[in-house]
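Here is the structure we will look at.
The values are calculated or read from the model by the stated rules, or taken from the named source; none is laboratory data. Keep in mind that this is a model prediction, so the values were computed, not measured. No Cβ is skipped: glycine too gets one built from the backbone with ideal geometry, and neighbour counts run over all protein chains shown.
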Amino acid sequence: MSLESKINDEIKIAMKSGDKTRLDALRSIRAAIIEFNKSGADREANEADEMKIINIQAKKRKDAIDLYEKAGRTDLLEIEKNELAVIQEFLPQQLSDDEIIAVVKQIIEKTGASGPKDMGKVMGASMKELTGKADGSAVQGIVKELLGAN
């Protein structure tokens with residue numbers, strides 16, 4: 001079952017149950033998928049595209065959560081947190097920091113990186129390996145720490 005049809009089924013369930021927050025989150029995912037399909041890519045979204053779309057939606061919520069926390073807007077903060085929880089249901093299980101560290105250490109060893117100057121090389125390979133499995137900012141923090149770029 002494609003992500004789009006799964007989202008449509010979940011939207012129907014959310015509409016019947018009256019869960020407005022869940023419905024809004026699901027509709028935003030569906031809108032992003034429809035936007036991709038009409039973007040001129042000359043193809044339907046594949047699984048990698050769908051994961052990228054979901055990651056973008058999750059990142060938007062995380063950014064909004066940060067902004068609302070700084071502004072003290074607890075009313076909007078809760079909405080974003082709830083929507084993020086819905087979106088994360090469609091993401092694969094996220095890796096722990098220890099698992100990310102293990103992957104990044106392997107990449108550093110494989111690329112022969114030795115210091116902060118190799119940050120771009122390691123980040124590129126790390127994100128290729130960890131896309132959808134780990135938050136990009138967490139990966140960046142770990143790469144900086146391991147390369148001594150703090």
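Just a few scattered comments:
- Selection within the range 33-54 - in a helix (DSSP H, G or I) and surrounded by 12 or more Cβ atoms within 10 Å (Cβ to Cβ): I33, I34, F36, N37, D49, E50, M51, K52, I53, I54
- Looking only at residues in the range 22-52 that are under 19 Å from the mean Cα position of the chain (by Cα) and of a type in the set (S, T, N, Q), the one that is modelled with the highest pLDDT is S28.
- Residue among Q57, Q94 that alone is out of contact with any Phe, Trp or Tyr (no Cβ under 6 Å at 6 or more places or on another chain), part of a loop (DSSP other than H, G, I, E, B) and under 24 Å from E129 (Cα atoms): Q94
- Take the conditions (1) loosely packed, with under 13 Cβ neighbours inside 10 Å; (2) part of a helix (DSSP H, G or I); (3) small (G, A, S); A25 misses just one of them, which is (1).
- Taken over the range 102-118, the residue count meeting the criterion of being under 23 Å from the mean Cα position of the chain (by Cα), surrounded by fewer than 16 Cβ atoms within 10 Å (Cβ to Cβ) and touching a residue at least 24 places away in the same chain (Cβ under 8 Å) is 1.
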